[in-house]
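What follows is a set of notes on a single structure, which appears directly below.
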Amino acid sequence: MAVSIEDVRYIAALARLRFAEAEEQRLAEQMSTMLEYVGQLQTLDTTGVPPMSHVLDLVNVMREDVVQTRISREEALRNAPDADEAYFRVPRVIE
C-alpha cells in the first residue's frame, strides 16, 4: 500500500506536526515501506499458533503490597538536599 503525501499531511495534522516538503516525501516512502512489511506479515500462516498478548508467559510479576509505616515529614525533609520549613525546595524551572 502506497502512502501519499496527502496521507502524511493528514496524519501530521492529527498529530499537530508540520514537515517540510522533502520530509513529507521521505515520510511517505518510509511509511509505505513499513506497510509493505506489515503486508508480508499478514501472508504468514498462523494456523495452530495460539493468540498471545506477550511473547513471554508472564502473569503479574509485581511483588505483593506490604503495609509499612511511613516516615515522618521531618524525617523526609531531613533527607532532602534543601528544605524550607515543611516543604522541599527545588531549583526554579520556570523563568
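None of the figures in this text is laboratory data; all of them are computed from the coordinates on show. Since we're looking at a predicted model, the values are computed, not measured. Cβ: placed from backbone, ideal geometry, glycine included. Neighbour counts: every protein chain shown.
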Output yes when any residue across segment 38-60 is part of a helix (DSSP H, G or I) and either of a type in the set (Val, Ile, Thr) or touching a residue at least 12 places away in the same chain (Cβ under 8 Å) (or both), and no when none is. yes
Considering every residue within segment 70-79, establish whether at least one is exposed (fewer than 10 other Cβ atoms within 10 Å of the Cβ), of a type in the set (A, V, I, L, M) and not in a loop (DSSP other than H, G, I, E, B). no
Subset of segment 3-49 that is of a type in the set (Ser, Thr, Tyr) and more than 24 Å from the chain's Cα centre (by Cα) - its residue that is surrounded by the most Cβ atoms within 10 Å (Cβ to Cβ): Ser4
